[in-house]
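We did not get these values from a lab; they are worked out from the coordinates using the rules stated. Computed from a predicted model, the values in this text were never measured in an experiment. Neighbour counts run over all protein chains shown; Cβ positions are idealised from the backbone, glycine included.
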Ligand code: SF4
């Protein structure tokens, strides 16, 4: 296949994949919601979960996005340095977002800053956002598509703490954020925490944390323990589905971290809502693909 044909083929695949992500939750999120529904005794909480499952059925039946806020689209790319379309991915993503906006359809959510003008196709300056990891020598690319909603992950928060604040300061920050505005997103929430050295590094890591499959643990045992304790503590707050109280506040808490300067502990929080629309697809060098996040899905 010539490179132009490959580009067309990948644009079509990504267009259809973005539409799928808008209309169907990934397997781990759906499975977690089923588990959390079983933990609820309150009829109100169960009814809210049942409405979420009905929402998913209707999105399939009507072939429509499952939430009106289809977000700003963000791509997190782990691309091999030998991936044939490495230099074309920006064009491919822009075009796929425009086409998916038209055919899905997706709400128009890209407003040019300082012009206050909606572009009408979900693209604009640095939108869709692309985060890059280049893997030396590899021919394939793994791509996360994330629909970052205006009520959930986009209003994240970050702060650089003095070292004396310690990890207790990190915990305090997470609780302050979730209990003050966490319910602006529709719970149960997937809480991503970045622990790092500066606001921007912590912020990116907090976003990567909510891209991890639910229930996976940080490789460091102390961080993994902190994930479990934060989950337990936030569940005890009892926010419940849609904030109407219940047994669980969160689908999970994930931490991502980096080494840091001895004078700083930076912490950031990004929150995914129950309708956590993300998907992962692996594209091989010949543009064949495998969907990793939605078992059995066809494009
Ligand atoms: S928080 Fe999530 S489910 Fe609620 S309106 Fe926003 S995107 Fe939709």
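Work out, in µm²/s and without decimals, the Stokes-Einstein translational diffusion coefficient of the chain at 37 °C, 0.692 mPa s, Rh from Kirkwood over C-alpha pairs. Please list the in-between numbers first.
Details: Rh = 19.9 Å.
Calculated translational D: 165 µm²/s.
Once the Cβ-Cβ distance of residue 162 and residue 217 is raised to the sixth power relative to R0 = 35 Å, the FRET efficiency obtained is 0.80. The ranking of 13, 101 from fewest to most other beta carbons within 10 Å of each one's beta carbon is 13, 101.
May I ask you to derive the FRET efficiency for residue 38 and residue 229 from their Cβ-Cβ distance with R0 = 25 Å, giving the value to the nearest 0.05? Don't jump to the answer; show the numbers that get you there.
Details: r = 23 Å, r/R0 = 0.91.
Given R0 = 25 Å and the Cβ-Cβ separation, E is 0.65.
The label-point distance for residue 288 and residue 56, in a model that sets each label 7 Å from Cα toward Cβ, rounds to 2.9 nm.
Taking a temperature of 25 °C and a viscosity of 0.890 mPa s, what whole-number D in µm²/s does Stokes-Einstein yield for segment 178-299 with Rh from Kirkwood over alpha carbon pairs? Each step should come with its number before you reach the end.
Values: Rh = 15.5 Å.
It comes out at roughly 158 µm²/s.
Please determine, in degrees from 0 to 90 and to the nearest 10, the orientation of helix 27-38 with respect to the longest principal axis defined by the Cα atoms of the chain, where the helix direction is its Cα long axis. Tilt of helix 27-38: around 30 degrees. Each peptide among 121-133, 230-242, 271-283 gets the average number of other Cβ atoms lying within 10 Å of its residues, and from highest to lowest they stand as 271-283, 230-242, 121-133. Note: relative contact order over the chain, using C-alpha pairs below 8 Å and six or more positions apart, is 25 percent. Cα centroids of segment 50-96 and segment 184-220: how far apart, whole angstrom? When both Cα centres are located, 19 Å separates them. Relative to the longest principal axis of the Cα atoms of the chain, the long axis of helix 3-23 makes an angle of roughly 40 degrees. How much FRET efficiency would the formula 1/(1 + (r/R0)^6) give for residue 237 and residue 135, where r is the Cβ-Cβ distance and R0 is 35 Å, rounded to 0.05? Here the calculated transfer efficiency is 0.35. From most to least packed by mean Cβ count within 10 Å, the peptides 249-255, 160-166, 57-63 give 249-255, 160-166, 57-63. Axis of helix 221-237 versus longest Cα principal axis of the chain: the two differ by about 70°, to the nearest ten degrees.
If each residue of separation counts as 0.36 nm, what is the full-extension length gain between residue 103 and residue 64 once their alpha-carbon separation is subtracted?
Values: separation 39, 0.36 × 39 = 14.04 nm, distance 1.01 nm.
So the extension gain works out to 13.0 nm.
Residue separation of residue 116 and residue 5 scaled by 0.36 nm, minus their Cα-Cα distance, works out to 36.3 nm of gained length.
Each peptide among 34-42, 170-178 gets the average number of other Cβ atoms lying within 10 Å of its residues, and from highest to lowest they stand as 170-178, 34-42.
Return a whole-number percent for the relative contact order of segment 157-272, with Cα pairs under 8 Å and 6 or more residues apart as the contact set. Mind dumping the intermediate values first?
Numbers: 245 pairs, mean separation 52.4, N = 116.
Relative contact order for segment 157-272 comes out at 45 percent.
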